[in-house]
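Presented below is the structure to which this report refers.
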Amino acid sequence: DVLDPETLMQCPYNKHHRIRACRFPYHVVKCRKSYPEVAKELATCPFNARHLVPRADLSDHITKCIDKGFIEQDIANQSSGFQREQVNAVSTWQAPPCNEDWET
């Protein structure tokens with residue numbers, strides 16, 4: 001299960017490192033500093049920062065990334081929700097009755 005925080009993930013910097021999913025972001029930051037030469041060769045997926053792939057494979061990964069669909073769906077939902085808000089944005093505000101007479 002991808003969402004299980006106890007799932008073991010392989011470190012992109014050292015294949016012998018197996019990290020629980022809940023600790024993965026912290027581990028990646030630490031390992032990036034420990035393996036700067038490997039870090040130069042990897043690129044981060046724009047759809048999921050946990051996806052670190054070789055720079056040469058990034059465009060292929062982007063076309064196949066499973067998280068791409070989630071992002072596109074979120075964008076579509078936000079834009080359709082924005083359009084609905086625009087349609088329903090008729091103001092119902094009315095000024096309160098005023099008992100003051102400024103002429104007197």
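The values are calculated or read from the model by the stated rules, or taken from the named source; none is laboratory data. Note that the structure is a prediction, hence the values are computed from the model and not measured. All Cβ positions, glycine included, derive from the backbone under ideal geometry; neighbour counts span all protein chains shown. Remember, those area values only see protein heavy atoms, side chains included, never the ligands or the DNA or RNA. Shrake-Rupley method; radii C 1.70, N 1.55, O 1.52, S 1.80 Å.
The set of residues from segment 21-63 being assigned to a helix (DSSP H, G or I) and over 18 Å from Q10 (Cβ atoms) comprises K33, P36, E37, K40, R55, A56, L58, S59, D60, I62, T63. Within segment 26-40, not a single residue is open to solvent by 50 Å² or more (accessible area, probe 1.4 Å), closer than 23 Å to F70 by Cα and not charged (D, E, K, R).
Scanning segment 1-20 for residues that are touching a residue at least 12 places away in the same chain (Cβ under 8 Å) and part of a strand (DSSP E or B) yields a count of 3.
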